[in-house]
1. Please state which of the following conditions PHE20 fails to meet, knowing it meets all the rest: (1) touching a helix residue (DSSP H, G or I) at 6+ places or on another chain (Cβ under 8 Å); (2) surrounded by 15 or more Cβ atoms within 10 Å (Cβ to Cβ).
2. So which of LEU47, LEU13, LEU41, LEU9 ends up being in a helix (DSSP H, G or I), surrounded by fewer than 16 Cβ atoms within 10 Å (Cβ to Cβ) and touching a residue at least 12 places away in the same chain (Cβ under 8 Å)?
Amino acid sequence: MLGWALTFLIIALVAAALGFTGIAGAASSIAQILFIIFLVLFLIAMLARALQGRPPV
């Protein structure tokens, strides 16, 4: 999922550099949403691992 967020970030940067503001805004919004979802899932995985008795990596 982090890979998708980075992909949309790169699309947004390229579109912004070329002047396509609508596409850049949409791609950056998608990248932000995917990054937040990735962070939430990462924190849940770390919490689940800690509750199982294994130390976080």
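Here, each number is a calculation from the coordinates, and none is a lab measurement. The shown structure was predicted, so the numbers you read here are calculated from the model rather than taken from an experiment. Every residue, glycine as well, gets a Cβ built from its backbone with ideal geometry; the counts of neighbours run over all protein chains shown.
1. (1)
2. Numbers: LEU47 fails: touching a residue at least 12 places away in the same chain (Cβ under 8 Å); LEU13 fails: touching a residue at least 12 places away in the same chain (Cβ under 8 Å); LEU9 fails: surrounded by fewer than 16 Cβ atoms within 10 Å (Cβ to Cβ).
Sole residue among the options that is in a helix (DSSP H, G or I), surrounded by fewer than 16 Cβ atoms within 10 Å (Cβ to Cβ) and touching a residue at least 12 places away in the same chain (Cβ under 8 Å): LEU41.
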